[in-house]
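The values are calculated or read from the model by the stated rules, or taken from the named source; none is laboratory data. Quantities reported herein were computed from a predicted structural model and do not represent experimental measurements. Here the Cβ positions follow ideal geometry from the backbone for every residue, glycine too, while neighbour counts run over all protein chains shown. Please note that ligands, DNA and RNA were not included when accessible areas were found on the heavy atoms of the full protein model with its side chains. Shrake-Rupley method; radii C 1.70, N 1.55, O 1.52, S 1.80 Å.
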Amino acid sequence: MPAALKLESRRTRAEQRAATVKLILDTSEELFAQLGYFGVTIKDVADKMGIHPALIHYYFDGKKSLFDAVFERRVGYAVTLRTAELDAYEAKIKGRPTVEGALRAYYDGAFDVYINDEQAWRNFGRIFAQVNNAPGYGAEKMEAYLDPLVLRLIGLLKKAVPDAKPEDLFWGFQFTSGAYSLLMSRTGRIDRLSKNLCASDDFEAVRERFVTFMAGGFNALYKRRKGKSR
């Protein structure tokens, strides 16, 4: 067989493999988002794809390996995006951040992904919320991927309010992170409570309000603490 034909054959096989892995990850992502880690089996993924479970086991060691691949496929981009937003903000403010500006640099770009991209990213948002709220395994994932960015954000907040107590800044972030996870979960509860005045999927409405609300909480906590110290 001519060398060119051999190369084309190998390329085709590689492309087929990549397409198969992508389909497995896409299908798994959808199911994990809907049912959670413990609500999905390898067989569920295979059944939805119309294939034998052995094909999934050929590419992945088991369900944890599959879930890790689903999570890691997108979290890298999320980290890159937030890093770029923080870089741009720090270059712009020249060492004089504000609480709202720092939070906006950390969160606004993340909301843009869910506003502008396809359903797949919204599926990932639900998976991210699962991981962010899971002790042990989830904490390990956050430490590996997000904690350096969180500490960078805390550093900016310290510069914005240099006499704030460090524990207040960390608690403030904990509150924002919890609210962010709830928003990513898109449970539909706010839809029911508001009789559809608000929608869990309306990330434009979320982005318009989230940082302003959270910055108000940071500033109120700081002012309250400062007032007590007088």
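Among 199-205, 104-110, the peptide with the highest mean count of other Cβ atoms within 10 Å heads the list, and the full ranking is 104-110, 199-205.
Considering only alpha-carbon pairs that sit under 8 angstrom and 6 or more positions apart, the relative contact order computed for the chain is 20 percent. Placing +1 on the Cβ of every Lys and Arg and -1 on the Cβ of every Asp and Glu, with nothing else charged, gives the chain a dipole about its Cα centre of roughly 740 debye. Using equal-weight Cα scatterers in the Debye expression, the normalised intensity of the stretch 45-116 in log10 at q = 0.17, 0.25 Å⁻¹ is -0.72, -1.06. Sorted on the mean count of surrounding Cβ atoms within 10 Å across their residues, most packed first, peptides 24-34, 178-188 read 24-34, 178-188. Solvent-accessible area of the chain (1.4 angstrom probe, protein heavy atoms only): carbon and sulfur portion equals 56 percent.
In the context of the full set of protein chains, the chain has a per residue accessible area of 58 Å² (1.4 Å probe).
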